[in-house]
Amino acid sequence: MNSKDQIQRFIFEQLGARGLLVKMNDSFLEATAKHNYPPAIQTMLGEFMAAASLLSTTIKFEGSLTLQIQGNGLLSMMMAECRHNQEIRSIARWEGEQEPNNSDLRTLVGEARMVITITPDKGQRYQGIIALENDTLAACLEDYFEKSEQLKTRIWLSALPGSCSAGLLIQVLPDTQGSIEDTDGWSRICQLSDTLKDEELQSLANEEILRRLYHEETIRVFPASKIAFKCTCSAYRMLDAVASMEKDELEEIFTEQPQISVHCEFCNTGYEVTQDDIQQHLLNKDNTEASPTLH
């Protein structure tokens, strides 16, 4: 049976390198089901989701990793966010009536800025700028790790619209660069990984991929972790956002219509907010803030 919605960690025992395999079926479908994304946008969004899940696995604390790009092309914005517990969500915005038919990154986004953001639940946020000097997301991320983190990294990303998102990452461990006797090891596993085809990455079980690629290498495989699409929206959060609008603006809206309709951009869930809802919400917040804290 094929592995679904899992991320698999493994280590090349004698080479001082680690690897990650990710495959998302249900999560990818949930992220795209309620959006009318053209195939080219779905493909790129799948690659973003795979990349964010791979990179988030390196987080050593509770928090989230966000990969985001904004540009002036047909694809104006794309974002994938994955938490340390492998809950993932994503979104894309594209402009114009013409559907893009090319999934090349720089063709889609035009002049753009890509950022990787690590946000701990406790602590200071970190941001890194990823240069767009290559045509693929994988190549851009490889350059980022090489130049900003001084870590040899190779990444393979693939997505099939309406089906799955998948990725493979191999990386030299930070404290072992230059200290491994098998000096050809890194080049060898890169060449082996380059033989992996998109359809194999998308359809084969993790164990089968590892066996086909690295059967002559000594690797240690860790238990797979589950990945799930998870949107953080809620009726309370949407109500709180609407209630934070200017009072005069809200009154003007409610003179024209009995309720405000809002939609979550990630999961496309709709919420209806009335004036009574807002008044009750603000009253509840005032009572909560006025309540004394007992020690």
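Rule-based calculations on the coordinates, nothing more; no lab input. Bear in mind that the values here come from a model prediction, so they are computed numbers and not experimental data. In this analysis, Cβ positions are derived from the backbone assuming ideal geometry, glycine residues included, and neighbour counts consider all displayed protein chains.
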*Which number gives the lysine pairs in the chain that have C-alpha atoms under 13 Å apart and are eight or more places apart or on different chains?*
4
_Ranked list, fewest to most other Cβ atoms within 10 Å of each Cβ, for THR269, THR183, THR57_ = THR183, THR269, THR57
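Quick one: order LEU201, LEU21 by neighbouring beta-carbon count within 10 Å, fewest to most. Write down the numbers at each step before the final one.
Details: LEU201 23, LEU21 29.
Ascending number of Cβ neighbours within 10 Å: LEU201, LEU21.
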*Counting pairs of alpha carbon atoms under 8 Å apart in space and at least six apart in sequence, what relative contact order in percent does the chain give?*
23
*asked:* Could you identify which residue out of GLU95, GLU133, GLU216 has the top mean-square fluctuation in a GNM of the chain using Cα springs shorter than 10 Å?
replied: GLU216
*Which one is right for this structure if volume of the Cα convex hull per residue in Å³ is calculated from it: (i) 142; (ii) 132; (iii) 178?*
(iii)
*region 235-290: translational diffusion in µm²/s, Stokes-Einstein, Kirkwood Rh over Cα pairs, 10 °C, 1.306 mPa s*: 133
*Can you give the angle from 0 to 90° between the axis of helix 185-194 and the longest principal axis of the chain, with both taken from C-alpha atoms, to the nearest 10?*
60
*With θ set to phi - 60° and the Karplus curve 6.51 cos²θ - 1.76 cosθ + 1.60, what are the ³J(HN,Hα) couplings of region 16-22 in order, to the nearest whole Hz, using x for Gly and Pro?*
x, 9, 10, x, 9, 10, 10
*Could you please rank HIS35, HIS215, HIS263, placing first whichever residue has the fewest other Cβ atoms within 10 Å of its Cβ?*
HIS215, HIS263, HIS35
*Folded to 0 to 90 degrees: helix 39-56 orientation relative to the chain principal axis, Cα*: 80
*In a GNM of the chain with a 10 Å cut-off on Cα contacts, which of ARG220, ARG89, ARG237 has the highest mean-square fluctuation?*
ARG237
_region 167-239 - Rg over Rh from alpha carbon coordinates, Kirkwood radius_ = 1.17
*Calculated log₁₀ intensity ratio I(q)/I(0) where the Debye formula runs over C-alpha points of region 1-142, q = 0.09, 0.11 Å⁻¹*: -0.28, -0.43
